[in-house]
Each structure stands twice: as C-alpha cells, then as structure tokens.
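Novice: Input: one structure, supplied below.
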C-alpha cells in the first residue's frame, strides 16, 4: 500500500481548549487511491464540523478533521485506524489531558469505534457506521457511545449497528442507538437531525446537558442519559 500521509485540520476556539471533537470521514472497503478533499465522503463531514464549531466555540471546543491517506479500509491493514490513532496522538501531545469525542460516518464510524480506547477519548458518535461481524467492543470500555442509523440505509446496516450497540453495552459506560426514520446513508433527508444530535451529544458529554437544547429535544436528553434504544 502506498505510504500516503493523513492530514489533520484544526479549528480552535478563541480561548483555552477544553474539549476536542475529532471527525472521521467514510471511504471504501478496499482502495489504495489517495483521499482528495473534494470527495463526497470528506465533504459530508463539513456541515457537522461547522455545526460543532459554531455551537462549541464559546465553551472552548476545538474541532479536528482527519483526512485519511488512502480511501480504503483494506482488510487487516485497517488503514484509517492507523491514521486516526496518529491524529489522536498528535492532538494529545499538543493538548494533554483534554477530553476527546470521536465522530465518524460510515467507515469513519467503524474507525471511531476501533480507536475509542485512546487515553483521551471519552465518547464516540458513530453515524451510519459500517459494522462487520466480529468487530470488537473492548475499546469502548468506560466510554459513552451514541450510534445513529437510518433504517433506509442501503450501504451499511442499521440492524448490524443495533446488534453492535447491544454488545457494546456490556463494557461501555453507556450506549444509545438511535434510528433516524426516513433517512439513509448520506444523512441528507433529515440532515438537521444528524447535526443537532451529534452537536448536542458532544456538548452534553463535555459541558453538561444544560448547555445543549436537550430540554427541548427529548431524544437527545434520553441519549445523554444512556437510554439504549431510541427513535427520532
């Protein structure tokens, strides 16, 4: 596989960094082609990054976007996992002891679940994640986890995500699985729901539910409370 370096782009708040949201994009099962910034998998994460930046700046939230070196997972190589771990190590060197939430879509969601064991990770948000039988849950020990999936997804399986959530509940601090009705893999039909749930969950985990709109969004409040199965 070609040695293509990952990229890390960081948006900082005006003051001290008190939390970091790390975003991981999707990809393909197998490909050694380099990732380009104009690819749809990368672009899908931009609205979520913007929502997190706007909502979190005044609280000290930094938003980091990882762009993988190559497009594929590539079997046992698990290329994006190595990229994400390298990015987390780099952030930990710059911001020691600052808590991290990892957010990923599709292959990025699978990657987020794999790297959750990093010492500064406190929570994971997996959006329509690609889950395969045998994917481990040990990295989620003591973490808070939110998994969102549209039942209309034809690329990755909502049922596989739900089964994974049930397994992860044995080790995680909390796991909530949310079915986003009426939407599919691209997260476009109900984009606002994906953005609000992700942003609200991150802010709630880091800064408490009082800084989110959880009081006006019952499903978000339930997810922050660790309710296992929800529909929105």
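The values are calculated or read from the model by the stated rules, or taken from the named source; none is laboratory data. Remember, predicted model here, so these are calculated numbers, not experimental data. We place every Cβ from the backbone using ideal geometry, glycine too, and count neighbours over all the protein chains shown.
Novice: Which is under 16 Å from the mean Cα position of the chain (by Cα), closer than 24 Å to residue 151 by Cβ and buried (at least 22 other Cβ atoms within 10 Å of the Cβ), of 115, 63, 125? Break it down into steps so the answer makes sense when it comes.
Specialist: Working: 115 fails: closer than 24 Å to residue 151 by Cβ; 63 fails: closer than 24 Å to residue 151 by Cβ.
Matching residue, one of 115, 63, 125: 125.
Novice: Something else now. Can you find, within the stretch 67-90, the residue that is nearest to the chain's Cα centre (by Cα) among those that are surrounded by 20 or more Cβ atoms within 10 Å (Cβ to Cβ) and in a helix (DSSP H, G or I)?
Specialist: Of everything passing the filter in the stretch 67-90, 84 is nearest to the chain's Cα centre (by Cα).
Novice: Within the stretch 128-142, which residues are under 21 Å from residue 225 (Cβ atoms) and buried (at least 24 other Cβ atoms within 10 Å of the Cβ)?
Specialist: Within the stretch 128-142, 140 is the sole residue that qualifies.
Novice: Could you please let me know if residue 3 is modelled with pLDDT of 95 or more, more than 19 Å from the chain's Cα centre (by Cα) and either surrounded by fewer than 16 Cβ atoms within 10 Å (Cβ to Cβ) or in a loop (DSSP other than H, G, I, E, B) (or both)?
Specialist: Details: modelled with pLDDT of 95 or more: no; more than 19 Å from the chain's Cα centre (by Cα): yes; either surrounded by fewer than 16 Cβ atoms within 10 Å (Cβ to Cβ) or in a loop (DSSP other than H, G, I, E, B) (or both): yes.
No; evaluated as a whole, the condition is false for this residue.
Novice: Considering only the stretch 50-88, how many residues are over 18 Å from residue 26 (Cα atoms) and in contact (Cβ under 8 Å) with a residue 24 or more places away in the chain? Can you show your working first?
Specialist: Residues of the stretch 50-88 over 18 Å from residue 26 (Cα atoms): 51-62.
When the remaining residues are screened for being in contact (Cβ under 8 Å) with a residue 24 or more places away in the chain, the result is 51-53, 55-62.
Adding up the residues that qualify gives 11.
Novice: Looking only at the stretch 129-142, decide whether some residue is at pLDDT 95 or above and under 10 Å from the mean Cα position of the chain (by Cα).
Specialist: Within the stretch 129-142, one or more residues are at pLDDT 95 or above and under 10 Å from the mean Cα position of the chain (by Cα).
Novice: Test of understanding: among 36, 9, 58, 30, which residue is assigned to a helix (DSSP H, G or I) and surrounded by fewer than 16 Cβ atoms within 10 Å (Cβ to Cβ)?
Specialist: Only one candidate passes the filter, namely 58.
Novice: Right, next: Report every pair of residues separated by at least 6 positions or lying on different chains whose Cβ atoms are under 7 Å apart, first residue within the stretch 5-27 and touching a residue at least 12 places away in the same chain (Cβ under 8 Å), second surrounded by fewer than 17 Cβ atoms within 10 Å (Cβ to Cβ) and not in a loop (DSSP other than H, G, I, E, B).
Specialist: Pairs that qualify, where the first residue is touching a residue at least 12 places away in the same chain (Cβ under 8 Å) and the partner is surrounded by fewer than 17 Cβ atoms within 10 Å (Cβ to Cβ) and not in a loop (DSSP other than H, G, I, E, B), are 6/86; 8/90; 13/57; 14/57; 18/59.
Novice: Okay, next question. Provide a single number: the residues in the stretch 39-55 that are surrounded by 16 or more Cβ atoms within 10 Å (Cβ to Cβ), closer than 15 Å to residue 203 by Cβ and out of contact with any strand residue (DSSP E or B) (no Cβ under 8 Å at 6 or more places or on another chain).
Specialist: Counting residues in the stretch 39-55 that are surrounded by 16 or more Cβ atoms within 10 Å (Cβ to Cβ), closer than 15 Å to residue 203 by Cβ and out of contact with any strand residue (DSSP E or B) (no Cβ under 8 Å at 6 or more places or on another chain) gives 1.
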